[in-house]
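The values are calculated or read from the model by the stated rules, or taken from the named source; none is laboratory data. Remember, predicted model here, so these are calculated numbers, not experimental data. In this analysis, Cβ positions are derived from the backbone assuming ideal geometry, glycine residues included, and neighbour counts consider all displayed protein chains. To get the accessible areas, we keep the full protein, side chains included, count just its heavy atoms, and leave off ligands, DNA and RNA. Shrake-Rupley method; radii C 1.70, N 1.55, O 1.52, S 1.80 Å.
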Amino acid sequence: MTVESTAARKPRRSAGTKRTAAKKPPGAQPDLVQLLTPEGKRVKNGEYDAYVADITPEELRGLYRDMVLTRRFDAEATSLQRQGELGLWASLLGQEAAQIGSGRATREDDYVFPTYREHGVAWCRGVDPANLLGMFRGVNNGGWDPNSNNFHLYTIVIGSQTLHATGYAMGIAKDGADSAVIAYFGDGASSQGDVAESFTFSAVYNAPVVFFCQNNQWAISEPTERQTRVPLYQRAQGYGFPGVRVDGNDVLACLAVTKWALERARRGEGPTLVEAYTYRMGAHTTSDDPTKYRADEEREAWEAKDPILRLRTYLETSNHADEGFFAELEAESEALGKRVREVVRAMPDPDRFAIFENAYADGHALVDEERAQFAAYQASFADEGEGE
């Protein structure tokens with residue numbers, strides 16, 4: 001079942017509100033930039049082949065390892081949330097290729113601005129997976145030093161990180177640096193005003209920034225067709241910079257296209273919009289139930305395009321990996337899951353009164369009153385226990 005066919009299941013509009021279907025412009029359904037088909041076959045692309053032409057079998061195995069371990073970490077985090085160890089979790093299931101491919105395209109001196117789902121990019125930037133969980137457990141406000149890995153803290157406010165990325169990119173350009181910036185966001189965030197402002201400023205000031213949109217086709221329960229009448233990458237044309245749509249389940253294509261866009265930025269040629277056309281195979285977060293708005297047939301069709309399976313097929317048919325490699329990786333995956341569980345369960349309980357700190361620089365009578373009320377509420381549980 002396609003995204004378009006979901007429209008047939010929506011309630012009919014009442015009389016007098018008939019909507020004329022938008023006429024799709026030429027090229028509204030363009031071919032994706034693809035280097036590895038869902039069947040695991042390597043295909044040629046004259047424009048982007050050069051960016052992965054020298055990739056070695058070892059590097060291919062490395063990309064596969066990155067995706068497998070990222071998925072294992074993500075699955076463990078989801079389980080931990082279900083067991084009450086995390087308050088919430090935003091899964092990346094199905095988006096591993098988009099994140100690992102683009103993440104491995106960055107240089108150490110590049111700066112990354114994520115949303116809250118870029119666990120694979122964090123992995124590529126050397127952020128300890130266990131540190132990602134502190135915020136979702138409520139024990140800290142981030143868990144890592146952004147400047148240690150040039151990887152900004154997760155941003156919950158939808159789309160605002162694109163403005164931060166644009167401003168940072170304008171700054172390094174004025175400093176004369178030859179590094180680049182990449183900002184991640186989703187198809188839903190593409191409708192935010194902050195993203196539109198980022199496009200405007202980055203274009204006018206020729207900022208060295210790559211806007212990487214993971215179009216997983218669902219902004220929680222809203223399909224992409226409710227976000228745009230044209231493919232998302234085409235929006236870049238209106239701002240005066242290039243846009244390209246890449247197969248977001250093809251790690252080689254994501255690597256190549258992102259390398260191209262980042263090198264373009266470093267040369268002083270300005271911003272690029274990359275639309276990674278992929279699919280969120282899981283829930284938006286663990287508080288969401290996608291079965292209420294998505295058809296099983298749609299999910300099953302995308303599971304057949306699994307980014308990890310297609311690279312494994314290519315590794316096997318090209319004799320770039322043997323069973324020993326896959327067995328060792330499976331053991332490493334289990335060890336990672338065990339370590340993550342142990343680290344999370346060893347985390348201290350959050351300070352319940354920390355919410356009242358730093359609300360005002362000089363304090364505030366109302367905050368003091370609320371703190372006292374909360375303290376009395378907490379104390380009431382101890383009093384109940386003493387009375388038993």
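Count of segment 351-369 residues, restricted to those that are without any contact (Cβ under 8 Å) to a residue 24 or more places away in the chain, of a type outside the set (Val, Ile, Thr) and touching a helix residue (DSSP H, G or I) at 6+ places or on another chain (Cβ under 7 Å), is 4. Taking the listed residues Pro290, Pro271, Pro348, Pro307, the one that is in contact (Cβ under 8 Å) with a residue 12 or more places away in the chain and exposed (fewer than 14 other Cβ atoms within 10 Å of the Cβ) is Pro348, with no other qualifying. Where in segment 82-165 are there helices (runs of 4 or more DSSP H), lying wholly inside it, with at least 1 residues that are open to solvent by 10 Å² or more (accessible area, probe 1.4 Å) and of a type in the set (Gly, Ala, Ser)? Output list reads 146-149.
Which ones in segment 40-71 are of a type in the set (Ser, Thr, Tyr) and touching a helix residue (DSSP H, G or I) at 6+ places or on another chain (Cβ under 6 Å)?
Residues of segment 40-71 that are of a type in the set (Ser, Thr, Tyr), as a first pass: 48, 51, 56, 64, 70.
Across segment 40-71, the qualifying residues are Tyr48, Tyr51, Tyr64, Thr70.
So which residues in segment 240-290 are touching a Pro at 6+ places or on another chain (Cβ under 9 Å) and among the hydroxyl-bearing types (Ser, Thr, Tyr)? Once the filter is applied, which keeps residues that are touching a Pro at 6+ places or on another chain (Cβ under 9 Å) and among the hydroxyl-bearing types (Ser, Thr, Tyr), segment 240-290 yields Thr272, Tyr277, Thr278.
Would you pick out the residues in segment 205-249 that are assigned to a loop (DSSP other than H, G, I, E, B), open to solvent by 20 Å² or more (accessible area, probe 1.4 Å) and either of a type in the set (Gly, Ala, Ser) or in contact with a strand residue (DSSP E or B) (Cβ under 6 Å, 6 or more places away or on another chain) (or both)? Steps first, please.
Quick first cut of segment 205-249, residues assigned to a loop (DSSP other than H, G, I, E, B) only: 205-208, 216-217, 220-221, 227-231, 240-242, 248-249.
So of that shortlist, the ones also open to solvent by 20 Å² or more (accessible area, probe 1.4 Å) come out as 205-206, 220-221, 227-230, 240, 242.
Across segment 205-249, the qualifying residues are Ser221, Gly240, Pro242.
For beta carbons closer than 8 Å, sequence separation of 6+ or different chains, a first residue in segment 130-141 that is at positive phi and a second that is among the small types (Gly, Ala, Ser), the qualifying pairs are Gly138/Gly87.
Screening segment 53-81 for residues that are among the β-branched types (Val, Ile, Thr) and closer than 17 Å to Arg117 by Cβ and picking the one that is most open to solvent (accessible area, probe 1.4 Å) gives Thr78.
Of the listed requirements (1) farther than 28 Å from Tyr111 by Cα; (2) of a type in the set (Asp, Glu); (3) part of a strand (DSSP E or B), Glu275 misses just one: (1). Here Gln95 passes the criteria (1) within 22 Å of Ser179 (Cβ to Cβ); (2) in contact (Cβ under 8 Å) with a residue 60 or more places away in the chain except the one numbered (1). Do we find that Gly120 is small (Gly, Ala, Ser), modelled with pLDDT under 95 and under 21 Å from Thr286 (Cα atoms) in this structure? No, not satisfied. Apart from one condition, Met170 fits all of (1) among the aliphatic types (A, V, I, L, M); (2) under 21 Å from Gly268 (Cα atoms); (3) touching a Cys at 6+ places or on another chain (Cβ under 9 Å); the exception is (3). Screening segment 286-388 for helices (runs of 4 or more DSSP H) wholly inside it with 1 or more residues that are closer than 30 Å to Gly134 by Cα and at pLDDT 95 or above returns the ranges 307-317, 323-346, 365-386.
Listed residues Ser198, Ser179, Ser202; which is touching a strand residue (DSSP E or B) at 6+ places or on another chain (Cβ under 9 Å), farther than 26 Å from Thr291 by Cβ and in a loop (DSSP other than H, G, I, E, B)? So that I can check it myself, show each step before the final result.
Values: Ser198 fails: in a loop (DSSP other than H, G, I, E, B); Ser202 fails: in a loop (DSSP other than H, G, I, E, B).
From the options Ser198, Ser179, Ser202, the qualifying one is Ser179.
When Leu252 is tested against (1) open to solvent by less than 10 Å² (accessible area, probe 1.4 Å); (2) in a strand (DSSP E or B), exactly one condition is not met: (2).
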